[in-house]
Amino acid sequence: MKNFLFILVIIWFIFGASAANDRGFFDSGANRDCTFVGSGLLTIIAGPLSYAGIHPKANC
C-alpha cells in the first residue's frame, strides 16, 4: 500500500510539472520574481487539478 501511494504522489507531481511547463514557468527568459516562482510551485503542487481549470496564483 505504501508503494502505491508513493507512486501516486510521484505521478501527481509529474502532472503538476507538466502543467507548469505548459504555462511557461520553466522558460529561461521569464521574470523570476516572488509571484512567478510561487505561482509555479503552486501549479506543481496542484498537479492534475491544473488541467481541470484551477490556476493557482501567488501574491508576494
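Read-outs: derived from the displayed coordinates by stated rules, not from any lab. Keep in mind it's a predicted model, so treat the numbers as computed, not measured. Glycine also receives a Cβ, built like all others from the backbone with ideal geometry; neighbour counts cover every protein chain displayed.
The residues listed here are Phe36, Phe15, Phe4; of these, the one that is in a helix (DSSP H, G or I) and surrounded by fewer than 10 Cβ atoms within 10 Å (Cβ to Cβ) is Phe4. Looking across the stretch 18-33, the residues that are surrounded by fewer than 14 Cβ atoms within 10 Å (Cβ to Cβ) and hydrophobic (A, V, I, L, M, F, W, C) come down to Phe26, Ala30.
Candidates in the stretch 18-33 are the residues that are among the hydrophobic types (A, V, I, L, M, F, W, C) and outside any helix (DSSP H, G or I); of these, the one that is farthest from Asn59 (Cα to Cα) is Phe26. Restricting to the stretch 40-60, count the residues that are touching a Pro at 6+ places or on another chain (Cβ under 9 Å) and of a type in the set (Val, Ile, Thr). Qualifying residue count, the stretch 40-60: 2.
Any idea which residue in the stretch 39-60 is nearest to the chain's Cα centre (by Cα), counting only those that are of a type in the set (S, T, N, Q) and not in a loop (DSSP other than H, G, I, E, B)?
The residue in question is Thr43.
Within the stretch 23-54, the residues that satisfy the criterion of being out of contact with any Ser or Thr (no Cβ under 7 Å at 6 or more places or on another chain), closer than 22 Å to Val9 by Cβ and touching a residue at least 24 places away in the same chain (Cβ under 8 Å) are Ile44, Ile45, Ala46, Gly47, Pro48, Tyr51.
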